[in-house]
Amino acid sequence: MREAAQEFLDSLYDAQRAAATYDFLDEERFRWRYTPGPRGGLPLSDLDTSQRGHAMRLLESGLSDRGAATARSIIDLEPILRAIEEKAGRPGSQRRDPGRYWFAVFGDPSGDEPWAWRVGGHHLCLHFTVVDESTSVTPLFFGANPARVPAGEHEDLRVLAAEEDLARALLGSLSDDLRARAVVSPEAPSDILTTNAVRAEVAAVPVGLGRTALEAAPRRAFDDLVDHYQGRVRNPLVVDRDSLTFAWAGSAEVGKGHYYAIRGDTFLIEYDNTQDDANHVHTVWRDLRRDWGEDLLRKHYGNSH
C-alpha cells in the first residue's frame, strides 16, 4: 500500500500533487459523502492513462480482488445511469461520469508517521488509515444505481447482488418465531440511518435478532453475509460475531423496498434499497472503535509520544 501510494504521487505533476495531498491532521480526511458532486483530491478525469493505472493500483492495494472488481463496476455504472436519466429526460445527467472519482492522500506514505488515503465519488467511498504496519478499513461505502440494469447491453447486471441475496437467504432460513423478531418494521427507511456522519450513531439502528439465537443453518447464513462485507478488503479485522444482531425492515418481496442492518455495540453494516422504485442500493460498513484508524492512532500516540 505504501509503495502504491508513493508511485501514484510520483506519477503526478506538481500541480496535480498539490491537489491530491493533504496534511494528515487536515479535517478534509473526515469528509465523505456518497451522493454525486466534487470531492477534495484529484479526479480520475484529470489523470492520463498511466496515472490512472497508478490510482487504480492504490485502490486495489486496500481492497480484495472481489472488492476491487466491485469498485470498478460501481464506477462503470455511471455511463449506464447517465443513459437511463437522459432517456427519461431527467436533469443533471452530466454528473454521471466515471471520471468524477477523486483520489487523495493524507500525510506522507514514505515516512514513519500515520498517513491515509481516500477514494470518493458517487456511490464509492473508501478510507484507509495506515499506522505503523496496521491498517484501518472503515468507513467503507458501496452503492449501486441501478441495482439491476433494466435494459440494454448490460440488462439484468447486478453489481451488489450478493448483498441482497445473502440477506434474503438469511431471512428465509429463519423460523416464523425468529423471523418475527428479526423483522422490526413493515416499512423500510428511505436511506441508511447513519448516513455519512463522521461518527456513526449506532444506537439509531434497529437491533433485531441476535446471532446467538440462531441454529446452525441460519447462523451459517448470518456468517456468510458478514463474510461478504468483510471480504471486500484484503485484511479484515476480527469481530466478536456473537455480539451481533440482524434486523430487517420493509417488504420481503423481491423488487419492493427493504432494509437490513447487522450491528453490535461498535460494529455496523447497513443496507438500504428503497429509492428509484427499490432499484438503488446503499451499503455501508462502520466500526466505531476503528473508523478513521482511531484505535490504531490511540495506541500509536500512546506508545510513541
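No value in this document is a laboratory result; all are computed from the given coordinates. This one's a predicted model, so the numbers in the text were calculated from it and none came from an experiment. When we count neighbours, we look across all protein chains shown, and the Cβ atoms used for this are built from the backbone with ideal geometry, even at glycine.
Miscellaneous remarks
- Any hit, region 171-189, residues being under 28 Å from residue 68 (Cβ atoms) and either within 18 Å of the chain's Cα centre (by Cα) or assigned to a helix (DSSP H, G or I) (or both): no
- From the list 51, 94, the one residue that fits, being more than 18 Å from the chain's Cα centre (by Cα), surrounded by 15 or more Cβ atoms within 10 Å (Cβ to Cβ), polar (S, T, N, Q) and in a helix (DSSP H, G or I), is 51.
- Leading residue by the ranking (nearest to the chain's Cα centre (by Cα)) among those in region 190-211 that are in contact (Cβ under 8 Å) with a residue 24 or more places away in the chain and in a helix (DSSP H, G or I): 202
- Residues that are hydroxyl-bearing (Ser, Thr, Tyr) and more than 24 Å from residue 282 (Cβ to Cβ) are absent from region 82-104 altogether.
- Search result, residues across region 220-249 that are of a type in the set (Gly, Ala, Ser) and either in contact (Cβ under 8 Å) with a residue 60 or more places away in the chain or closer than 22 Å to residue 272 by Cβ (or both): 221, 231, 247, 249
Residues checked against (1) in a helix (DSSP H, G or I); (2) surrounded by fewer than 15 Cβ atoms within 10 Å (Cβ to Cβ); (3) out of contact with any Pro (no Cβ under 8 Å at 6 or more places or on another chain):
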site	(1), (2), (3)
8	yes, no, yes
16	yes, no, yes
32	no, no, no
40	no, no, yes
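- Flag if residue 274 is touching a residue at least 60 places away in the same chain (Cβ under 8 Å), more than 28 Å from residue 61 (Cβ to Cβ) and polar (S, T, N, Q): yes
- Filter result for residue 297 (surrounded by fewer than 21 Cβ atoms within 10 Å (Cβ to Cβ) and not small (Gly, Ala, Ser)): yes
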